[in-house]
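The values are calculated or read from the model by the stated rules, or taken from the named source; none is laboratory data. Keep in mind that this is a model prediction, so the values were computed, not measured. Cβ coordinates were reconstructed from backbone atoms using ideal geometry, including for glycine residues, and neighbour counts include every protein chain displayed. Note: areas computed on protein heavy atoms with side chains; ligands, DNA, RNA excluded. Shrake-Rupley method; radii C 1.70, N 1.55, O 1.52, S 1.80 Å.
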Amino acid sequence: MLLGSAIFVMCFFADLGFCQDFGYDGTIGPNFWGERYQNCGHGKLQSPIDIEETDVIVQKFPPLIFKNFDEPLESVHLKNNGHTVVVSISGGAVPSISGGPLAGTYNFSQLHFHWGKTDEEGSENLINNQSFPLELHMVMFKTDHGSFAEAANETDGLAVLSFLYIATSEDNENYEQFAEQLLLVQDVGSSVDINGFVSLDDFTTTDRNHYFTYRGSLTTPPCSEVVIWIEFKNTIKLSHNQLQEFRELSGQEGKLEHNFRPIQPLHDRVVYMNSPE
Ligand SMILES: [Zn+2]
C-alpha cells in the first residue's frame, strides 16, 4: 500500500511531464504497465472500454450544467509532455460542470488528446467497436475534495468529459489557432502560453444532451479508478490535415504517432446512456 502510494505520488502528474516511464510501444507499452502499476494490470474498473449501444441502460439524468464553457479562455498553457499535448489554464474564469450523473461540482483541470497513426483509429473508448481518429479528454476534479491532487485519490474524484472526432475534408475554423500553436510544441517538453483562446464550447460541441456514462479509470499509469466518464455521442469535425498535426508531435522516441490504450474488460460494470427524450 505504501509502495503503491509512493509510486502514485511520483507518477500521478504524468500529464505534467514528471513521469516518463510509460509509453505505447514495446516494453513500456500498455501490456507492461501492470508490472509497475497494480491498477493497470488488475483493476476491475479500467478504461477505456468498448461501449455497445445494445448493452447500455437508458436513463434520464438531470441536465448537465456547464459553467463558463461559453467564456473565451483568457490565458492558456499548451505543453507537449511526451505522451500527449495538454491544455491548462493559468487565469480567467474556471469552467465547471455539475448535474447529469455527477453529485457535486467539478472544476476544469486540463484537457488533452489521444490519437492514432491513421484516420481509422486513435480514440480510446470505442462505440459499437468503432474507433475514431481522435479523442479529447477534459479532466475535471470534484471541488469538494479541495484540489486536483486530493480528488485524484477519491472514487468520485474526477470526471472526464470525452469527445470523439470524425475526419472531414474541410478545416474546422475553431481549431485554426490551436493548430498553429501545435507547430510550436512539437518537441517533448516544449510549451507555449497563449493569451486569448476560444471557449470550451467553441472547442467542443454544444449539443451535449446525448452521452454515455460509466465508472472507470485514468487511461495512463497509475490507472487510478477514480473517474466518472461522460462520453458524448455528438462528434467534432476536423480535417485530415488538422488531425495529421497531432501525429507530427514528438514523443520519447521519435514521432508520437499513436497514444491510445487498448480497450479493457467491462467486468460487471453497467454503461448508462442519457436520453433526454
Ligand atoms: Zn486521456
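Determine the per residue accessible area of the range 136-277 with all protein chains present and a 1.4 angstrom probe, expressed in square angstrom. Spell out each step's value before the answer.
Numbers: 5930 Å² over 142 residues.
Per-residue accessible area for the range 136-277 comes out at 42 Å².
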Open item on the list: Give me the percent relative contact order of the range 2-274, please, defined on Cα pairs under 8 angstrom at least 6 residues apart.
Closed with: 26 percent
TODO: With a 1.4 Å probe and every protein chain kept in, tell me what percent of the accessible surface of the range 2-274 is carbon plus sulfur.
DONE: 49 percent
Task: Span per principal axis, largest first, for the Cα atoms of the chain (Å) - done: 47, 43, 37
TODO: DSSP loop (so not H, G, I, E, B), at most 12 other Cβ within 10 Å: list which trypsin sites (Lys or Arg not before Pro) in the range 22-66 pass both filters.
DONE: K60
Open item on the list: Considering only C-alpha atoms, what is the centroid distance from the range 145-182 to the range 87-116, in Å?
Closed with: 7 Å
TODO: With runs of 4+ DSSP H residues as the only contributors, calculate the mean residue ellipticity of the chain at 222 nm using -39,500 (n - 2.57) per run, divided by the residue total and rounded to the nearest 500.
DONE: -3500 deg cm²/dmol
Task: Where GluC sites (Glu not before Pro) fall in DSSP loop in the range 165-230, at most 14 other Cβ within 10 Å - done: E170
Open item on the list: Can you return the lysines within cross-link range of K233? Criterion is Cα-Cα under 17 Å, with same-chain partners fewer than 8 residues away left out.
Closed with: K60
